[in-house]
Amino acid sequence: GPAPEGDTEARAWLARHKGEFGHFINGGFVASASGKTFDSFEPATGALLAKIARGGREDVNAAVSAARKAQGAWAKLSGHARARHLYALARMIQRHARLIAVVEALDNGKPIRETRDIDIPLAARHFYHHAGWAQLQDTEFADQVPVGVVGQVIPWNFPFLMLAWKVAPALALGNTVILKPAEFTPLTALLFAELASAAGLPPGVLNVVTGEGETGALIVEHDDIDKIAFTGSTEVGRLIREKTAGSGKSLTLELGGKSPFIVFDDADIDAAVEGVVDAIWFNQGQVCCAGSRVLVQEGVAPRFHERLKRRMGTLRVGHPLDKAIDMAAIVAPVQLQRIESLVSQGVTEGAALYQPPIELPNGGSFYPPTLLTAVQPTSVVATEEIFGPVAVSMTFRTPEEAIQLANHSRYGLAASVWSETIGLALHVAAKLAAGVVWVNATNLFDASSGFGGKRESGFGREGGKEGCYEYLKPKAWVGRKLRTGP
Ligand code: NAD
């Protein structure tokens with residue numbers, strides 16, 4: 001059939017690079033010192049998308065020394081001068097929004113509607129927002145200095161948005177960066193580095209080193225890096241915390257979640273059903289703060305589940321570049337297998353499985369929207385992050401029981417409460433162990449609001465003024481009054 005709209009420019013970009021990408025170090029692409037590569041596939045078709053450099057010690061060393069060399073001059077720029085760079089990056093994202101959105105959809109397998117309307121605009125907004133903080137740096141953070149050289153390791157579920165969450169504040173506040181995108185989704189980070197360089201970002205300020213977990217580990221262990229910012233699984237987060245302990249490196253961790261989505265008897269049921277669609281089927285459920293535990297008050301549970309099932313039957317699963325679909329591909333076969341195995345474990349442990357009779361595309365990694373009801377709170381599907389389009393539903397009687405059930409988790413990233421009684425919603429919200437609580441809403445993000453977790457969901461915040469502090473260190477200037485800017 002004809003190439004979906006917007007495909008052409010992305011294919012041309014891939015062709016220009018002959019389908020093979022080096023690391024982006026000190027302002028240009030370079031192959032791995034070892035010559036090693038790995039393959040990146042299109043989740044929707046299984047086809048090879050690109051060959052990607054596999055970063056080793058020499059590559060990480062080169063990136064770190066480029067970042068170290070660039071950091072002094074970058075930090076010495078006035079806040080206004082750095083803000084001009086961030087505004088340029090934000091405008092550059094908007095100018096190339098379609099290309100970035102298509103590359104992201106091909107590489108990750110997520111719907112173009114989401115990359116076009118959510119991921120890419122939010123990323124641009126993040127750069128605009130942080131341009132503002134750069135401008136205010138001399139007055140708002142006069143007693144703070146940049147952390148220095150920062151290693152940033154990000155996951156595959158929102159490759160470009162997670163890049164923005166990490167890179168924008170780091171650069172705005174005078175740090176330089178070595179970024180490692182996830183092995184499943186390296187392309188938009190490489191595209192961004194290329195475009196940023198063309199937009200005038202000085203060499204060495206942003207370096208992208210690609211590779212798998214070992215490359216990430218080399219960054220984490222590097223002696224000349226001042227801070228590690230990590231988003232990914234709780235398991236790897238724990239490893240990184242151990243490895244950096246006692247190293248003097250600063251650390252922020254944004255990890256997994258198993259967020260409760262609480263529906264009270266008096267909730268607006270239609271709105272809550274749409275909320276679940278957004279909470280667990282957006283991005284195929286591969287969302288750290290996905291409302292994956294649906295807790296429904298007993299009185300409304302039968303009606304709620306019935307409406308939810310009906311709505312599930314109308315969801316369309318298809319190719320990422322098809323604008324009419326609601327869900328597209330799971331990022332990789334290994335993730336698909338993980339979802340399948342967790343769901344069958346849930347069924348073995350007594351859950352009732354519902355999947356609507358909808359058609360899945362052939363080839364590629366696809367999984368239907370799925371609902372598990374009658375789930376026991378101790379069941380593996382109620383406690384483990386599935387990271388797929390699987391809603392797990394449990395019922396409760398009283399608000400106290402809802403709170404107890406909601407907080408029965410090692411995680412504490414997000415929560416969502418649905419009730420038309422604002423007093424009840426706020427009472428419950430206050431008692432939930434979560435970094436963010438949404439009331440009659442879900443998955444709302446804004447660059448001006450700090451996002452992050454509690455418990456095993458990690459620590460540190462991204463976004464807003466609190467996010468800026470993660471890229472600064474306090475420094476006392478004692479003796480006489482000094483000006484911090486040039
Ligand atoms: P992952 O931990 O497997 O990988 C994340 C990144 O870490 C990748 O770039 C990977 O190459 C790298 N990595 C792997 N092993 C490493 C090691 N030993 N040392 C250093 N780096 C290493 O996670 P994933 O499967 O890519 O992402 C899914 C997870 O991310 C989920 O648990 C999800 O909840 C979480 N997540 C959290 C947030 C948040 O803001 N809290 C946002 C998005 C995703």
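Kindly indicate whether residue 145 is surrounded by 21 or more Cβ atoms within 10 Å (Cβ to Cβ), away from the ligand (no atom under 12 Å from the Cβ) and on the phi < 0 side of the Ramachandran plot. Here the answer is no, as residue 145 does not meet what is asked. Of the residues making up segment 240-266, those that are under 23 Å from residue 412 (Cβ atoms) and either in contact (Cβ under 8 Å) with a residue 12 or more places away in the chain or under 15 Å from the mean Cα position of the chain (by Cα) (or both) number 18.
Selection over segment 351-365 of residues that are part of a strand (DSSP E or B) and either touching a Cys at 6+ places or on another chain (Cβ under 6 Å) or among the small types (Gly, Ala, Ser) (or both) gives a count of 1. Beta carbons closer than 8 Å, at least 6 apart along the sequence or on distinct chains, pair a first residue in segment 221-239 that is under 27 Å from residue 385 (Cα atoms) with a second that is within 7 Å of the ligand (Cβ to nearest atom) and of a type in the set (Phe, Trp, Tyr) for 236/230; 237/230.
With respect to (1) more than 12 Å from the ligand (Cβ to nearest atom); (2) crowded, with 23+ Cβ neighbours inside 10 Å, the lone exception for residue 139 is condition (2). Selection within segment 212-253: residues that are in a loop (DSSP other than H, G, I, E, B) and within 7 Å of the ligand (Cβ to nearest atom). The member of this set that is farthest from residue 461 (Cα to Cα) is 212.
Just checking, how many residues over segment 254-277 are more than 22 Å from residue 385 (Cα to Cα) and part of a loop (DSSP other than H, G, I, E, B)? Walk me through it before giving the result.
Keep residues of segment 254-277 that are more than 22 Å from residue 385 (Cα to Cα), which gives 264-271.
Adding the requirement that they be part of a loop (DSSP other than H, G, I, E, B) leaves 264-268.
Matching residues across segment 254-277 total 5.
I need the full set of residues from segment 247-276 which are buried (at least 20 other Cβ atoms within 10 Å of the Cβ) and either acidic (Asp, Glu) or closer than 30 Å to residue 149 by Cα (or both), in order please. Across segment 247-276, the qualifying residues are 249, 251, 252, 253, 254, 255, 256, 257. Annotation note: of 290, 279, the sole residue that is buried (at least 24 other Cβ atoms within 10 Å of the Cβ), modelled with pLDDT of 95 or more and within 11 Å of the ligand (Cβ to nearest atom) is 290. Would you call residue 181 under 27 Å from residue 45 (Cα atoms), within 14 Å of the ligand (Cβ to nearest atom) and free of Cβ contacts under 8 Å to residues at least 40 places away in the same chain? Answer is yes for this residue. Does residue 12 fit the bill of being part of a helix (DSSP H, G or I) and either touching a helix residue (DSSP H, G or I) at 6+ places or on another chain (Cβ under 8 Å) or under 26 Å from residue 329 (Cβ atoms) (or both)? So residue 12 fits the description; yes.
Can you tell me which residue within segment 343-354, out of those that are touching a residue at least 24 places away in the same chain (Cβ under 8 Å) and out of contact with any helix residue (DSSP H, G or I) (no Cβ under 8 Å at 6 or more places or on another chain), is farthest from residue 280 (Cα to Cα)? Please lay out each step first, then the result.
Within segment 343-354, the subset touching a residue at least 24 places away in the same chain (Cβ under 8 Å) is 343, 345-347, 349-351, 354.
Those still in the list that are out of contact with any helix residue (DSSP H, G or I) (no Cβ under 8 Å at 6 or more places or on another chain) too: 347, 350.
Numbers: 347: 19, 350: 21 Å.
So the residue we want is 350.
Every condition in (1) within 15 Å of residue 441 (Cα to Cα); (2) under 24 Å from the mean Cα position of the chain (by Cα) is met by residue 318 except one, and the failing one is (1).
When restricted to residues that are of a type in the set (Gly, Ala, Ser) and either assigned to a loop (DSSP other than H, G, I, E, B) or in contact with a Phe, Trp or Tyr (Cβ under 8 Å, 6 or more places away or on another chain) (or both), segment 297-350 contains 8. For the residues 167, 205, the requirement of being within 30 Å of residue 13 (Cβ to Cβ), at pLDDT 95 or above, away from the ligand (no atom under 16 Å from the Cβ) and surrounded by 24 or more Cβ atoms within 10 Å (Cβ to Cβ) singles out 205.
Yes or no: residue 329 in contact with a Gly (Cβ under 8 Å, 6 or more places away or on another chain) and surrounded by fewer than 16 Cβ atoms within 10 Å (Cβ to Cβ)? No: the conditions fail for residue 329.
Can you pull out every residue in segment 184-202 that is outside any loop (DSSP other than H, G, I, E, B) and away from the ligand (no atom under 16 Å from the Cβ)? I'd like the intermediate steps shown before the answer.
Initially, segment 184-202 is screened for residues outside any loop (DSSP other than H, G, I, E, B), giving 187-198.
Within segment 184-202, 191, 194, 195, 196, 197, 198 meet the criteria.
Look through segment 33-56, keep the residues that are without any contact (Cβ under 8 Å) to a residue 60 or more places away in the chain and of a type outside the set (D, E, K, R), and return whichever of them is surrounded by the fewest Cβ atoms within 10 Å (Cβ to Cβ). Talk me through it step by step, then tell me what you get.
Looking only at segment 33-56, we keep the residues that are without any contact (Cβ under 8 Å) to a residue 60 or more places away in the chain, and these are 33-37, 39, 47-48, 51.
This time we only want the ones that are of a type outside the set (D, E, K, R), so: 33-35, 37, 47-48.
Values: 33: 16, 34: 13, 35: 9, 37: 18, 47: 11, 48: 11.
It comes out as 35.
Summed over segment 366-384, the residues that are buried (at least 22 other Cβ atoms within 10 Å of the Cβ) and touching a Gly at 6+ places or on another chain (Cβ under 7 Å) give a count of 3.
Listed by position, the helices (runs of 4 or more DSSP H) inside segment 72-176 whose residues that are under 17 Å from the mean Cα position of the chain (by Cα) number at least 2 are 97-108, 120-140, 159-172.
If the Cβ limit is 9 Å and pairs must be 6+ apart or interchain, which residue in segment 97-122 that is on the phi > 0 side of the Ramachandran plot and crowded, with 24+ Cβ neighbours inside 10 Å pairs with which residue that is in a helix (DSSP H, G or I) and modelled with pLDDT of 95 or more? Listed by first residue and then by second, the contacts come to 109/284. The residue pairs whose first member lies in segment 368-397 and is under 11 Å from residue 352 (Cβ atoms), whose second member is hydroxyl-bearing (Ser, Thr, Tyr) and surrounded by fewer than 24 Cβ atoms within 10 Å (Cβ to Cβ), and whose beta carbons are closer than 6 Å, counting only pairs six or more residues apart or on different chains, are 371/354; 393/373.
Conditions tested, residue by residue: (1) within 14 Å of the ligand (Cβ to nearest atom); (2) buried (at least 21 other Cβ atoms within 10 Å of the Cβ); (3) among the aromatic types (Phe, Trp, Tyr).
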residue	(1), (2), (3)
424	no, no, no
430	no, no, no
442	no, yes, no
450	yes, no, no
453	yes, yes, no
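The values are calculated or read from the model by the stated rules, or taken from the named source; none is laboratory data. All of these numbers come straight from a predicted model, not from anything done at the bench. Because the Cβ atoms are built from the backbone with ideal geometry, glycine has one as well, and the counts that use them run over all protein chains shown.
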